[in-house]
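Let me begin by presenting the structure, written as structure tokens, before commenting on it.
The values are calculated or read from the model by the stated rules, or taken from the named source; none is laboratory data. What you are looking at is a predicted structure, and each value in this text was computed from that prediction instead of being measured. Cβ atoms come from the backbone with ideal geometry, glycine included; neighbour counts cover every protein chain shown.
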């Protein structure tokens with residue numbers, strides 16, 4: 001009888017608790033992530049160039065926290081947080097908050113990098129839970145397609161395998177397909193070819209079109225070029241958003257891809273920043289909170305000329321609390 005009582009107690013405790021609201025989910029531990037929503041050229045002369053950075057500071061939370069798909073916390077930032085890494089002089093011109101534009105409800109193609117291995121970057125495959133969370137945010141009237149890309153690996157169709165044949169809102173029966181897709185790792189990155197193919201998935205009737213890319217490396221084997229897909233995306237009014245997992249080089253091409261098309265870029269040194277980005281991405285694209293806007297003047301050592309491109313790596317650290325955040329990269333092109 002004593003054993004029966006213990007079993008009954010476990011059943012009661014297992015069934016008790018707060019009711020589950022479909023608007024909320026329990027989520028793994030995340031870490032603050034700084035997002036470049038846009039890097040924007042302002043003006044230049046022969047000696048310096050001025051640009052703006054629109055940023056979000058996404059708040060990270062402990063394991064098992066409750067999240068909403070319609071709100072996120074945009075934490076504090078100011079100019080003392082930033083250290084620039086480039087050959088030249090930087091000066092902050094102004095800092096302010098600004099109203100963000102919403103690009104939702106939207107039509108999106110989500111692309112997951114299946115190349116190489118995630119053994120050191122994401123040992124427990126947390127990224128798949130983040131991808132599921134993002135897909136779940138695409139409810140009517142928003143719609144999405146999810147695909148995985150790599151070449152000479154386990155992705156069957158080239159340049160990407162998709163779990164749907166067309167753009168749809170999320171449905172519960174797609175969840176096992178998502179987990180199956182993210183297990184097809186191996187091969188080389190054909191990111192540019194995948195983006196090029198994703199652009200063709202949209203019709204002229206789709207509104208607020210975007211491509212969301214989870215990348216773990218630069219493109220390795222595509223026949224499409226970076227400049228060609230930027231031009232094609234821009235011509236079709238498609239923003240390409242890039243979430244990069246790992247430690248990118250300063251000359252990483254992916255900030256250029258994102259920021260040239262009006263998309264956002266976030267560099268995630270660990271899986272915790274990536275999970276924070278996945279958790280909040282749809283709300284960020286909804287413009288659910290004001291953004292931080294910094295105007296910066298940069299005087300490069302070699303001067304400024306027409307057509308010149310700058311990729312500026314920026315370290316982010318809270319000087320008061322001595323907290324280091326993920327680095328950001330600002331891509332700016334002089335007309």
Discussion item. Kindly evaluate residue 98 against the criterion of being closer than 30 Å to residue 236 by Cβ, touching a strand residue (DSSP E or B) at 6+ places or on another chain (Cβ under 7 Å) and surrounded by fewer than 18 Cβ atoms within 10 Å (Cβ to Cβ).
Written reply: yes
Worksheet item: Restricted to the stretch 88-125, and to residues that are in contact with a helix residue (DSSP H, G or I) (Cβ under 8 Å, 6 or more places away or on another chain) and not in a loop (DSSP other than H, G, I, E, B), which residue is farthest from residue 313 (Cα to Cα)?
Response: 109
Worksheet entry | Residue among 126, 117 that alone is over 21 Å from residue 237 (Cα atoms), crowded, with 18+ Cβ neighbours inside 10 Å, out of contact with any strand residue (DSSP E or B) (no Cβ under 9 Å at 6 or more places or on another chain) and touching a residue at least 60 places away in the same chain (Cβ under 8 Å) | 126
Worksheet item: So which residues in the stretch 282-309 are in a strand (DSSP E or B) and either over 25 Å from residue 212 (Cβ atoms) or out of contact with any strand residue (DSSP E or B) (no Cβ under 6 Å at 6 or more places or on another chain) (or both)?
Response: 295, 296, 297, 298, 299, 300
Worksheet item: Among the residues of the stretch 76-87, is any touching a helix residue (DSSP H, G or I) at 6+ places or on another chain (Cβ under 9 Å), in a loop (DSSP other than H, G, I, E, B) and touching a residue at least 24 places away in the same chain (Cβ under 8 Å)?
Response: no
Discussion item. Cβ-Cβ under 7 Å, sequence separation 6+ or interchain: first residue in the stretch 89-111 and under 25 Å from residue 181 (Cβ atoms), partner at pLDDT 90 or above and surrounded by fewer than 16 Cβ atoms within 10 Å (Cβ to Cβ). Which pairs?
Written reply: 105/141
Worksheet, complete the sentence: Conditions (1) over 30 Å from residue 154 (Cβ atoms); (2) at pLDDT 95 or above -> residue 62 fails only (2)
Discussion item. If a residue counts only when it is under 28 Å from residue 62 (Cα atoms) and modelled with pLDDT of 95 or more, which helices (runs of 4 or more DSSP H) contained entirely in the stretch 157-274 have at least 2 such residues?
Written reply: 175-181
Worksheet item: Which residues, counting only those in the stretch 126-142, are over 15 Å from residue 164 (Cβ atoms) and in contact with a helix residue (DSSP H, G or I) (Cβ under 9 Å, 6 or more places away or on another chain)?
Response: 126, 127, 128, 129, 130, 133, 137
Fill in: Among the candidates 189, 150, 203, residue that is over 13 Å from residue 111 (Cβ atoms) and in contact with a strand residue (DSSP E or B) (Cβ under 9 Å, 6 or more places away or on another chain)
203
Worksheet, complete the sentence: Scanning the stretch 129-148 residue by residue, those buried (at least 21 other Cβ atoms within 10 Å of the Cβ) and assigned to a strand (DSSP E or B) turn out to be 144, 145, 146, 147, 148
